[in-house]
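What follows is a single structure, written as structure tokens, with notes after it.
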Number of protein chains: 2
Amino acid sequence: MTGRIVILTGGVGGAKLVKGCCEAFPPDTVTAIVNTADDFVHLGLPVSPDIDTLVYTLSGKANPELGWGRAGESWNFMEALRSLGGPGWFQLGDGDLAMHVLRALALAAGAPLSAFTAGVCESWEIGATVLPMSDSPVRTMLDTDAGELEFQDYFVGRRAAPVVSAIRFAGAADARPGPGVIEAITAADTRAVLIAPSNPFLSVDPVLSVPGIREALCATKAPVVAVSPLVGGDAVKGPTAKLMRELGMTVDAVAVAGHYAGLIDAMLIDAGDPQADFAVTVARADTLMHTQADRVRVAQAAVALADSLR
Amino acid sequence: MTGRIVILTGGVGGAKLVKGCCEAFPPDTVTAIVNTADDFVHLGLPVSPDIDTLVYTLSGKANPELGWGRAGESWNFMEALRSLGGPGWFQLGDGDLAMHVLRALALAAGAPLSAFTAGVCESWEIGATVLPMSDSPVRTMLDTDAGELEFQDYFVGRRAAPVVSAIRFAGAADARPGPGVIEAITAADTRAVLIAPSNPFLSVDPVLSVPGIREALCATKAPVVAVSPLVGGDAVKGPTAKLMRELGMTVDAVAVAGHYAGLIDAMLIDAGDPQADFAVTVARADTLMHTQADRVRVAQAAVALADSLR
């Protein structure tokens, strides 16, 4: 089979799946629809953490140790910034800064985020298509035991320690899907729509909050397959399991599938997850992604699961 | 004698004299009034080359090889910028960027350049007072055989190669002296006003173009002493001699003194300069400044010349 593979994705875990898809299938058939609700303006510069993680990963520039930023990064900007009394809580690497400075220039000149992102992909010869979920600002806001917090304050500033009671996506009601987003999901030649193993609440839900995207997932003739973010019954990285507990959910793949009920046709779960009853078709694979072979295996298993539903 | 030492200054040569004054005299008696007509906005960031060279020099951070920017600088921002198709003609070091990003934030929040500069001096414990010549934008424009050029396009972009026929300071007529500038020049306790061995046309003339500064130099009771930028009859660095020829002047200290006629009471010239008739009092010293001892020697000689006029 051939056809377009579309992935709804957030940060590092999702970027690995997109990279796996680009290694397992022709990159020009791969389209990523990326969460932008983590975006914020820091030091006057617009930062798009999930887009940046994705383009760094796809272009081979990602820092594998940190899970964010660029490999071989230097930190002289941060050191000088601190010496001048500037804020040190959010790390901007020296090379990474070029992205934010150029994005600031582009947005100030009236270019949409999608156009800037397409330019980055062209400069770095990224064969895949990278689409922001929206060019409109959508911002994740969390109700916590430390009060209402913006995403980066919660996630970076407080290391996701506060207990979360509710999550909102400010601006979502007025946001429009980015150019190409709806078309990619609903195109007749789309082979599979994958939901990456990103945080369902902080990375995937914001994408689904943009009016039209949820409807497109329901309308598409392509199979929709989620890859569970849980491995052996726990989150690989980040606050997914902690958030599920705080939101009153059981920490298992059944709960994740339930969260996506009505949207997905099937779910790929980890081979080490316990047996359980799922309301959708389930396939299993070793879903931990450390190496290139891991990424290719998970991408192939997710697309094979989609193909099996046709 | 004691009292304040005020220096009108531009880039690297002037910064060395100010540094020498801070080494020869108590730094809290030293006030630099700095050219800001080289300032420009690059990549959306406001860059103040002469202020930056001065604060890097005074805080021991200057790059002695380059003559601009920071010592031990890294260049990952520029490399990433170029890979994204950004402009590479103006070099911004990774540590240097912190200055420009914080200045952009401060100016966008409504702070004047003088307040931001004072904050830098406080952060880096620079004992001297560093005053921008003006908080108003003044921009050096050059008429050349390559057309009208902005300063950085002429100086950095074209390496000062075009032949200059005239120099203007756009905005000067409407500019006001920065806070403290006139007071520093005219204060009763001011011991000497020095004109640094900076480029008379591109570094000192813009300072003199701000309404009120020339008048303050005429009004002050303190002796005004220029340090000639020529050493052994030629410019140490930069386009001073080339500019003098293009503007139809003889390249010698007499011509520099003539350029400052009516403003200065005396001039310190290089020991190696030829004998000549000067309209003002002249003293000689080895004015080349490579080492700390050189800087201290020139500072002491210039202030001694001023003191001798009382």
(request) State yes or no: is A:Ala37 away from chain B (no Cβ under 14 Å), in contact with a Cys (Cβ under 9 Å, 6 or more places away or on another chain) and among the small types (Gly, Ala, Ser)? (result) no
(request) Please enumerate the residues belonging to the stretch A:254-272 that are farther than 17 Å from A:Asp234 by Cβ and among the β-branched types (Val, Ile, Thr). (result) A:Ile264
(request) State yes or no: is B:Gly238 modelled with pLDDT under 95 and either within 23 Å of B:Val156 (Cα to Cα) or out of contact with any Gly (no Cβ under 6 Å at 6 or more places or on another chain) (or both)? (result) yes
(message) Here are the criteria: (1) at negative phi; (2) over 17 Å from the mean Cα position of the chain (by Cα); (3) at pLDDT 95 or above; (4) not acidic (Asp, Glu). Tell me which single one B:Gly147 does not satisfy.
(response) (1)
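If I go through the stretch A:214-250 residue by residue, how many of them are among the aliphatic types (A, V, I, L, M) and surrounded by fewer than 17 Cβ atoms within 10 Å (Cβ to Cβ)?
2
Are there any strands (runs of 3 or more DSSP E) wholly within the stretch B:115-172 with 2 or more residues that are buried (at least 19 other Cβ atoms within 10 Å of the Cβ), and if so which?
B:129-132, B:139-144, B:164-170
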(request) Go through the stretch A:80-98 and give me each residue that's at the interface with another protein chain (Cβ under 7 Å from one of its Cβ atoms) and either over 12 Å from A:Leu43 (Cα atoms) or of a type in the set (A, V, I, L, M, F, W, C) (or both). (result) A:Ala80, A:Leu81, A:Ser83, A:Leu84, A:Gly85, A:Asp94, A:Gly95, A:Leu97, A:Ala98
(request) Working only within the stretch A:99-117, note down all residues that are in contact with a Gly (Cβ under 7 Å, 6 or more places away or on another chain) and more than 9 Å from chain B (Cβ to nearest Cβ). (result) A:Ser114
(request) With the checklist (1) within 11 Å of chain B (Cβ to nearest Cβ); (2) within 16 Å of A:Met133 (Cα to Cα) in hand, flag the one item A:Asp50 doesn't pass. (result) (1)
(message) Looking at A:Gly44 and the list (1) on the phi > 0 side of the Ramachandran plot; (2) more than 14 Å from chain B (Cβ to nearest Cβ), which single condition is not satisfied?
(response) (2)
(message) Among the residues that make up the stretch B:59-76, is at least one of them of a type in the set (S, T, N, Q), at negative phi, within 13 Å of another protein chain (Cβ to nearest Cβ) and more than 20 Å from the chain's Cα centre (by Cα)?
(response) yes
(message) If I go through the stretch A:268-310 residue by residue, how many of them are closer than 13 Å to A:Val231 by Cα, among the aliphatic types (A, V, I, L, M) and touching a helix residue (DSSP H, G or I) at 6+ places or on another chain (Cβ under 8 Å)?
(response) 6
(request) Would you please name the residue that is farthest from B:Val138 (Cα to Cα), looking only at residues in the stretch B:185-212 that are of a type in the set (A, V, I, L, M) and surrounded by fewer than 24 Cβ atoms within 10 Å (Cβ to Cβ)? (result) B:Ala188
(message) Can you say whether B:Gly147 is within 14 Å of another protein chain (Cβ to nearest Cβ) and of a type in the set (Gly, Ala, Ser), as far as the supplied structure shows?
(response) no
(request) At least 3 residues that are buried (at least 22 other Cβ atoms within 10 Å of the Cβ), in contact with a Ser or Thr (Cβ under 9 Å, 6 or more places away or on another chain) and in contact (Cβ under 8 Å) with a residue 60 or more places away in the chain in each: list the helices (runs of 4 or more DSSP H) lying fully within the stretch A:1-111 that qualify. (result) A:12-24, A:49-58
(request) Could you list, in sequence order, all residues of the stretch B:150-182 that are farther than 15 Å from B:Phe40 by Cα and among the acidic types (Asp, Glu)? (result) B:Asp174
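The values are calculated or read from the model by the stated rules, or taken from the named source; none is laboratory data. Predicted model only: the values in this text are computed from it and were never measured. Glycine gets a Cβ as well: all are built from the backbone with ideal geometry, and neighbour counts include every protein chain shown.
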